[in-house]
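First comes the structure, then the notes that go with it.
The values are calculated or read from the model by the stated rules, or taken from the named source; none is laboratory data. Not measured: the values here are computed from a predicted model. Cβ placement follows ideal geometry from the backbone for every residue including glycine, while neighbour counts extend to all protein chains displayed.
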Ligand code: BG6
């Protein structure tokens with residue numbers, strides 16, 4: 001494990017060459033490479049890395065609200081889009097490794113109501129703890145978030161692992177595992193729709209919140225140029241957001257470069273974002289995704 005760039009990043013490399021890099025801002029996974037050095041995650045060249053905005057790429061962590069603040073839910077009505085966890089500075093808690101033929105490394109990160117600034121507490125006053133573990137092995141990357149309620153008041157939250165996958169050509173991308181599933185189409189006035197029995201393909205701006213009909217253990221599979229690339233298995237995360245900004249929206253985002261980078265990325269984001277998870281005093285919630293290289 002190396003800590004670099006003025007204590008701002010933590011990287012780990014397996015003996016076989018696979019690597020992962022996590023930015024302490026947001027505990028954002030910035031890079032995941034296989035043994036050949038091929039990058040699996042997309043990262044904008046002009047992303048901010050200083051917490052002034054969420055990272056445009058990698059795996060930003062959305063908590064405790066998905067999307068913009070909503071007036072119909074007063075406890076989260078002061079929060080910025082996608083909450084504060086993705087721009088807060090997390091603490092690196094340490095690593096653990098397992099060796100042998102199935103060697104792996106786990107990096108742990110923490111954020112709590114005791115470690116956020118008063119200005120953030122003023123937006124969301126609850127006592128909470130977040131423990132985020134990033135585990136790399138030869139074939140997969142697992143990201144697990146545990147949320148605890150450390151105070152007396154119950155609180156509501158949403159979480160999302162906003163993964164930006166690197167793809168060769170968005171026009172050839174197919175996502176399976178969402179067949180016949182209900183979704184909210186955010187590009188079409190948040191209309192409720194039902195997916196067909198075909199894979200999801202991309203030819204325009206796409207922003208959909210799916211509740212996969214087959215449940216969390218059934219994988220979501222991304223293929224690209226006819227090759228199966230990623231298999232996502234969820235644990236306790238009931239939704240999958242599928243997002244590609246396409247040309248115009250990419251152009252309107254100052255931190256999205258190159259503008260035609262939308263051709264090389266697709267977001268498939270495992271989360272719990274329909275309604276709210278309620279956590280009572282002393283309770284904990286755990287949600288995770290494992291991304292396998294196919
Ligand atoms: C997705 C949302 O999860 O994140 C989109 O569904 C949103 O609506 C996208 O545009 C990016 O959000 P942000 O805040 O990083 O620009």
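Could we say that residue 25 is buried (at least 17 other Cβ atoms within 10 Å of the Cβ), closer than 18 Å to residue 143 by Cβ and within 16 Å of the ligand (Cβ to nearest atom) here?
Values: buried (at least 17 other Cβ atoms within 10 Å of the Cβ): yes; closer than 18 Å to residue 143 by Cβ: yes; within 16 Å of the ligand (Cβ to nearest atom): yes.
In short, yes.
Could you check residue 205 against (1) surrounded by fewer than 19 Cβ atoms within 10 Å (Cβ to Cβ); (2) touching a residue at least 24 places away in the same chain (Cβ under 8 Å); (3) more than 16 Å from the ligand (Cβ to nearest atom) and say which number it fails?
(3)
What's the number of the condition residue 39 fails, among (1) touching a residue at least 24 places away in the same chain (Cβ under 8 Å); (2) within 16 Å of the ligand (Cβ to nearest atom)?
Looking at each condition in turn, residue 39 falls short on (2).
What pairs come out if I take residues in the range 85-107 that are touching a residue at least 60 places away in the same chain (Cβ under 8 Å) and within 17 Å of residue 8 (Cβ to Cβ) and pair them with residues that are within 16 Å of the ligand (Cβ to nearest atom) and in a strand (DSSP E or B) whose C-beta lies under 6 Å away, six or more apart or interchain?
Partner pairs satisfying both residue conditions: 86/61; 89/25.
Among the residues of the range 232-254, is there at least one that is crowded, with 22+ Cβ neighbours inside 10 Å, away from the ligand (no atom under 13 Å from the Cβ) and part of a strand (DSSP E or B)?
Yes, the range 232-254 contains at least one residue that is crowded, with 22+ Cβ neighbours inside 10 Å, away from the ligand (no atom under 13 Å from the Cβ) and part of a strand (DSSP E or B).
Please specify each residue of the range 158-178 satisfying the condition of being within 16 Å of the ligand (Cβ to nearest atom) and assigned to a strand (DSSP E or B). Even if it seems obvious, please write down each step before you answer.
As a first pass, look at the range 158-178 and keep what is within 16 Å of the ligand (Cβ to nearest atom): 158-165, 170, 175, 178.
If the condition is that a residue be within 16 Å of the ligand (Cβ to nearest atom) and assigned to a strand (DSSP E or B), then 158, 159, 160, 161, 164, 165, 175 are the ones that fit.
Pick out the one residue from 75, 68, 125 that is part of a helix (DSSP H, G or I) and either more than 16 Å from the ligand (Cβ to nearest atom) or free of Cβ contacts under 8 Å to residues at least 40 places away in the same chain (or both). First the steps, then the outcome.
Values: 68 fails: part of a helix (DSSP H, G or I); 125 fails: part of a helix (DSSP H, G or I).
None of the others qualify; the one that does is 75.
If I filter the range 115-124 for residues that are touching a strand residue (DSSP E or B) at 6+ places or on another chain (Cβ under 8 Å) and surrounded by fewer than 17 Cβ atoms within 10 Å (Cβ to Cβ), do I get at least one hit?
Yes; the residues of the range 115-124 include at least one that is touching a strand residue (DSSP E or B) at 6+ places or on another chain (Cβ under 8 Å) and surrounded by fewer than 17 Cβ atoms within 10 Å (Cβ to Cβ).
Which condition from (1) touching a strand residue (DSSP E or B) at 6+ places or on another chain (Cβ under 9 Å); (2) loosely packed, with under 15 Cβ neighbours inside 10 Å; (3) assigned to a loop (DSSP other than H, G, I, E, B); (4) on the phi > 0 side of the Ramachandran plot is the one that residue 51 breaks?
Looking at each condition in turn, residue 51 falls short on (2).
Of everything in the range 208-226, what is exposed (fewer than 11 other Cβ atoms within 10 Å of the Cβ) and either within 17 Å of residue 163 (Cα to Cα) or over 19 Å from the mean Cα position of the chain (by Cα) (or both)? Give them in sequence order. Walk me through it before giving the result.
Residues of the range 208-226 exposed (fewer than 11 other Cβ atoms within 10 Å of the Cβ): 215, 217, 226.
Answer for the range 208-226, where residues must be exposed (fewer than 11 other Cβ atoms within 10 Å of the Cβ) and either within 17 Å of residue 163 (Cα to Cα) or over 19 Å from the mean Cα position of the chain (by Cα) (or both): just 226.
Within the range 79-106, restricting attention to residues that are part of a loop (DSSP other than H, G, I, E, B) and more than 16 Å from the ligand (Cβ to nearest atom), which residue is modelled with the highest pLDDT? If you could, list the steps in order and put the result at the bottom.
First, the residues of the range 79-106 that are part of a loop (DSSP other than H, G, I, E, B): 79-82, 84-88, 90, 99-103.
Pick out the ones that are also more than 16 Å from the ligand (Cβ to nearest atom) and you get 90, 99-103.
On the way: 90: 97, 99: 80, 100: 74, 101: 69, 102: 78, 103: 91.
Across the range 79-106, the extreme among qualifying residues is 90.
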